[in-house]
1. Using a 1.4 Å probe and counting only protein heavy atoms, arrange C:Asp264, C:Asp173 so the residue with the most accessible area comes first.
2. At 222 nm, what value in deg cm²/dmol follows for chain C if DSSP H runs of at least 4 each add -39500 (n - 2.57) and the sum is divided by all its residues, to the nearest 500?
3. Hey, which lysines would be in cross-link range of C:Lys260, C-alpha to C-alpha under 28 Å, not counting anything within fewer than 8 residues on its own chain?
4. Just to check I understand the Karplus step: with θ = phi - 60° and J = 6.51 cos²θ - 1.76 cosθ + 1.60, what whole-Hz values come out for the range D:205-215, glycine and proline as x?
5. Could you give the angle, 0 to 90 degrees to the nearest 10, between helix C:46-58's Cα long axis and the longest principal axis of the Cα atoms of chain C?
6. Enter the Cα centre distance for the pair the range D:441-505 and the range A:26-94, rounded to the nearest angstrom.
7. What's the local net charge at C:Ile192, with K and R +1, D and E -1, over the other residues with C-beta under 11 Å away?
8. List the residues whose amide H sits under 5 Å from the amide H of D:Gly293, counting only those 5 or more places along or on another chain, with H placed 1.01 Å from N in the peptide plane.
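The values are calculated or read from the model by the stated rules, or taken from the named source; none is laboratory data. Every value quoted in this text rests on a predicted model; they were computed, and no experiment measured them. No Cβ is skipped: glycine too gets one built from the backbone with ideal geometry, and neighbour counts run over all protein chains shown. To get the accessible areas, we keep the full protein, side chains included, count just its heavy atoms, and leave off ligands, DNA and RNA. Shrake-Rupley method; radii C 1.70, N 1.55, O 1.52, S 1.80 Å.
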Amino acid sequence: MMSRILKYRELLLVAIIVVLIAIFSARAPGFASPESLANIFNDTSILMILALGQMAVILTKSIDLSVAANLSFTGMAIAMMNAAYPQIPLPLLIVMAMGIGALLGAINGLMVWKIGIPSIVATLGTLTIYRGMAFVLSGGAWVNQTQMTATFLNTPRVVVLGLPLLGWTAILVIALVTIVFTRTVFGRALYAAGGNPTAALYAGIDVGRTRFFAFVLSGALAGLCGYLWVSRYAVAYVDIAAGFELDTVAACVIGGISTLGGIGSVGGAILGALFLGVIKNALPVINISPFWQMAISGFVIIVAVLFNARQEKRKGRLILRDAAKSRSPLAEVPVEGAAA
Amino acid sequence: MSTLTFEKQPSRHIPDKLSTPAGRILGSWEALLVAVAIAIFIANSFASPHFLDPWNLSDATYNFTEKAMIAFAMTLLIISGEIDLSVAAIIALASTAMGAAVQAGFQTPALVGIGLGVGLLCGAFNGFLVARIGLPSIVVTIGTMSLFRGIAQIVLGDQAYGGYPASFAWFGQGYMSDFSWWPTLPGFEVVTFEMVAFVVFALIFGILLHRTAFGRRIYAIGNNAFAAQFSGIPVQRTKFMLFLMTGLMSGFAAVCLTSRLGSTRHTIAAGWELEVVTMAVLGGVSILGGSGTIPGVVLAAIVMGLVTFGLGLLNVPGIVMSIFIGLLLILVIALPIVIRRIRSGAAA
Amino acid sequence: QNMKIGLVAKSLGNGFFEAANKGAQEAAKELGGVEVIYTGPTSTTAEGQIEVINALIAQRVDAIAISANDPDAVVPALKRAAQRGIKVISWDSAVGKDGRIVHLNPSSNELIGNMCLKLAASHLPDGKGDFAILSATSTSTNQNTWIAEMKKQLPKYPGLNLVTTVYGDDLADKSYREAQGLLKSHPNVKVIVAPTTVGVLAASQVVKDAGKIGQVYVTGLGLPSEMAGAVHSGATKEFAIWNPIDLGYSATQIAYRLVKGETDGKPGAEINAGRMGKIKIGDNGEAAMADPFVYDKNNVDEFAKIF
Amino acid sequence: MSAVQAIPETPAPLLEMRGISKTFPGVKALDQVDVALYPGTVTALIGENGAGKSTLVKILTGIYQPDSGEIAVDGAPVQFVNAEAAIRSGITAIYQETVLFDELSVAENIFLGHAPRNRLGLVNWGAMNARAAALLTSIDAPISPYTRLKDLSIAHRHLVAIARALSVEARVVIMDEPTAALSYKEVEDLFRIIERLKKQGKAILFISHKFEEVYQIAEHFVVFRDGRSIGSGLLSQTGQGEIVRMMVGRSVDHVFPKVDVAIGDTVLKVRGYSHPTEFDGISFDLRRGEILGLYGLVGAGRSEFCQALFGITRPSAGTLELEGRRIGIRSPAQAIAAGIVYVPEERGRHGAVLQMPIFQNISMATLARTTRAGFLRQAEEFALARTYAERLDLRAAALSVPVGTLSGGNQQKVVIGKWLAARPKVIILDEPTKGIDIGSKAAVHAFMSELAGEGLSVIMVSSELPEILGMSDRVMVMREGRMAGLWERDGLDAELLVRAATGNT
Ligand SMILES: Nc1ncnc2c1ncn2[C@@H]1O[C@H](COP(=O)(O)OP(=O)(O)OP(=O)(O)O)[C@@H](O)[C@H]1O
Ligand SMILES: Nc1ncnc2c1ncn2[C@@H]1O[C@H](COP(=O)(O)OP(=O)(O)OP(=O)(O)O)[C@@H](O)[C@H]1O
Ligand SMILES: [Mg+2]
Ligand SMILES: [Mg+2]
């Protein structure tokens, strides 16, 4: 039942995305070509990865508004590290990025878990703090292409089987996160902790600790994206990915992750991100004036939410329909002795 | 079996309140904020010789007056369990509409009407989607945030609207001493229109929230919308009204800001939504709904204004200031929780 | 007591303004008894600049030299500064006439517009073909002025065809996407002109990622330190920029002279600007510095060390 | 400390709690209580609302930590730092509130926290579903393990909760008011399961406010009053009266204090009230001073029907006449204005705003009366609240404390107070005594009678037969959304009502 409804929602999103691509390619031939689609996927990779981290947090009935700031800080830190010590091997740098990201996520998580600050407040605070730290760290200066090593910049661009490694990274993360969410104790605890925190407590799940690790996961993925972003755009500065936190939330919501916690699938979040990615990529391509872009994405988000809500609309308990199915003899008996 | 044998006991007396008024005030959020404000005030006056200058302080109020006016309405909205992230975008759209009206030759009164009207319409749109259709407000307003500003961008493109009539400048730049009836006492000449508007709206929203049935219903809705509905409170209609109010106040802020800037671009008021929410939360409004006060938000606005002004005098870059604001937010929220925990730990 | 001059950038952390600050500090040292307060908002907004201006007024600085994010929005705040006896000039990006005494153009807008077209033409065979513009935000004063100038002077370059103008908002990712979209929707575009560093950088990255080096060129205005990579990759052959150090230096000099009362800054006045010689104030109280300077792979590394 | 009887020749206790205390801010919920549970034995824990029963349960299952005292399993002291630790020690519970996960499948609801895992440590869904199916079959629950919980009826949810409790190898099973939401038949099913657990040698702690059930299923009892253990012993040697005296500290005879009042004219005339999916063709007259019992199994649609009368949902067909005038009710506000009020079944969710003070809850539906020109007058609010608090014999530290700090019975009094303040003509009470102790229950019943005596018309929804039989002037039975009959007080008997409600002829 659950999977059926979820599948239905996802199918719908897939259909919408396909229709969008069809419309766009009618106006810009080549938009639907395999390279172009691979390109859109590649372009959306970072948003998808971030959305998965955000999803983990949202599942536990929290929100992480600091993902983009975290990305900015780790991106800056890693880029400066690469510039200062070009000899550090890339894998180590990536591990460091994820580690710094996880640490920043853990700070959010600790405030939510140990002090009990609502997540939206805690991350609203760290949103400004982390970005400010990126400024303090760099003194506001940029790290430019020339300062970074070629390996650092080019590895995510290496094309394997028609898709750059950046895209493959996203696929790997999606696969791992799917396993974590559906098959591990932690993953199921995410759903439980958000779906019904009291019940989770009674089931022996430490809701606070689960939230904490959701934030750590979100932070680690944001850290990874910090590296991916900087290498993709070959520059690091304080304002990178400004406002991106709202995109990750929008992707989750479009994908049917309930902001009330406990509901949603990895597929949904990915499709939500892809949906935004297609729109963002398509508008410049089909030559819509840049001034229209913002209004269109806003409009589309509202429509997507409307669509979702229509599906979610709680059906009644259907007492009567059940009655009709198992019609028992007494149900037919007219009201006996009813007051006139 | 059906005779009454349950003996009724004399009912016990129940006092109205447990603690003394003094105890309640001292333990309150507002007291904490007052302490913080005083501390920052003192720190500022030590840090810079220019701080205690009436004209400087008057200029500094512009850092928070417009945002605070929105924050008052937002406070009511957040207490009712909703949020509006589109307020800054409403400013952009309202300002654009006013700019277009100027090009069409409208005069100041019409401009103000248009600014407020567009704010109201935007609020109605949000309210319709949230209260009527039942969509989650955080998502709806993330959408309308792009939509409203996007429309402004379509209209304006890379252009700017300017040429506002001179009389329009008064809302964002005027002093009350422009009026003959304003007292000419020393210190009163630095009072701006926006400061007066800030005080007046603080009073209006404070009374509305804390002294009227409407305000009480907002608390009931925010704490338990079901129980509110089952008590005959028109939950959806109340929420709709709150979105209208937030839209209207955004429209008013648009009038003030546009008047202060004297020009409209589509980037106007970028990023204000989070500052407004921060102000409300710092003022002790629970982001989960159900609690918060207007005096708290007034104090939070002043605290934020003092911090940014004080740091500005030391030429601290804005982004570093925002670190302080972020830390302040977390500390002020965390402090009472931690103190309470330590206290109950000590009691046990 | 030191003379205090507030040097207001469009936003902090931008290499161009950091370089201008270097020049300003150099001028301060040379003049003696001058303290330059380098400040600005964190992101390029008018509201942020107004707060910064208010803070400078409160500190009773003697002069403010600003590169404005919005020519009109900062005027009321600057007027208030003027009322409190502060000398206000603008540099780089102009402020409306009644908000300042003098505006110092980095170069003349005509020259810059012309330079951009010249760069575009030099990347096209016979100087003929399609090109597109990738700008910063749609509200940036100077970008818009230059684009207007380019359009005005386009007839001077027959065969050169401006296809479209897109806006990357000075954000790396948005500029990247816009440039990508450009290549897809206008396959004939052979040159992208970006009158902003972020734009040139993002566009050359796109050209490189699309494997189109040698087919599509990127040029425009950018800082040598940021552009060096693009030049070496071959995505950019040449680009131009004036010298921000000189700009900051001159702005500080002019502000100093105004405060000292050595000049009133009226049109026609000639202001002594130290090592830059005399700067003449033209119509509208505007003054211009020199021609933009062109960089290519032979000289970019040398200048990259400086700014 | 009156009646601690020696329990003859029992085996050693499986679980013992000694000197347990627990304090919440402002409340001493438990004060040095002792409880022992024996293998193969059901121990009933009895006490008024707020006596501390559920608190004890939560301490036993590791959700709360006691301030002092010790717990021993098989004589060895143990400490439960969290729920998982308690489960590992073989203690499992069905909690007072159904604490399950709406969005998860039945199987996962049963196994969450202790799901079967494969060699890699990953959750083994196949094994989990299979074991869940087996477990559900063993308790005769006709539920698929794949169903999402939110698609189940309340009764089926309880079966899932029971299956969950049985899914671990438990030695101690705690049931906190498991029957409160169950119908007559389901209670019997539950008792069969309990008998089986008993045979397996498990120790069972059974909490209920219903004496018939306690005497039917339990051997031992423990009585709590105000957080202290007042007495314990064998039920076979202790009369109901004595237990009641221990509970409330005074004697209370039972109880349905239905006074005969003169029934007046028809106040409310309901004709053909229908809803597309929930109920159909409900027609009856309600007269002045009458208590109309509305009986049915849980899930029969009584609440939905009453909520439609109150304007929460809109009917698709049917008419209403109040005192001879046709009215259409489309919102609770209209219902209140017309004089119809509804005390909902789910107190915490629909009835009271738990975070708000008592006086604000009582004035909530009638704010117009305590305001002048839209402005609140606090003194009048307090006066109003005091009037009803005293009339209902509310127990609270102050009128400004949040309702959430009160016990269930007192919360119910606040909700009823809110509605009396609205001076209604018709009051609908949906399961007014569900989960309420005998003392408060008697108070509510007495009060209901008093109201009827004052000429108020009462619709009382209840799933408890004795209550229906004891309090109603007439009884209407609903089954699967339809009327299954309407009887005058004289012709009533329990069997008739049960047959009508279940459809068994
Ligand atoms: N989390 C809590 N915080 C504060 N007080 C509490 C809390 N839980 C219980 N109490 C208080 O402790 C006392 C005992 O409550 P408890 O729930 O154990 O009673 P109970 O015997 O289960 O009552 P009922 O029969 O109504 O379920 C009550 O006064 C209650 O208000
Ligand atoms: N399957 C379900 N899914 C969601 N909510 C339910 C479900 N079953 C019952 N409820 C809710 O629980 C409450 C009590 O349900 P119940 O089955 O008692 O309804 P009812 O039959 O209308 O009332 P009563 O038990 O008084 O006859 C109702 O308010 C209903 O909304
Ligand atoms: Mg209990
Ligand atoms: Mg019911």
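1. Accessible-area ranking of C:Asp264, C:Asp173, largest first: C:Asp264, C:Asp173.
2. Using -39500 (n - 2.57) per qualifying helix, the result is -13000 deg cm²/dmol.
3. C:Lys4, C:Lys10, C:Lys22, C:Lys29, C:Lys79, C:Lys87, C:Lys97, C:Lys278, C:Lys280
4. Along the range D:205-215, the couplings run 10, 10, 10, 7, 8, 9, 5, 4, 5, 4, 5 Hz.
5. Relative to chain C, helix C:46-58 is tipped by roughly 20 degrees.
6. 64 Å
7. Numbers: positive: C:Lys190, C:Lys212; negative: C:Asp130, C:Glu178.
Value of the local net charge: 0.
8. For D:Gly293, the qualifying residues are D:Met460, D:Asp473, D:Arg474, D:Val475, D:Met476.
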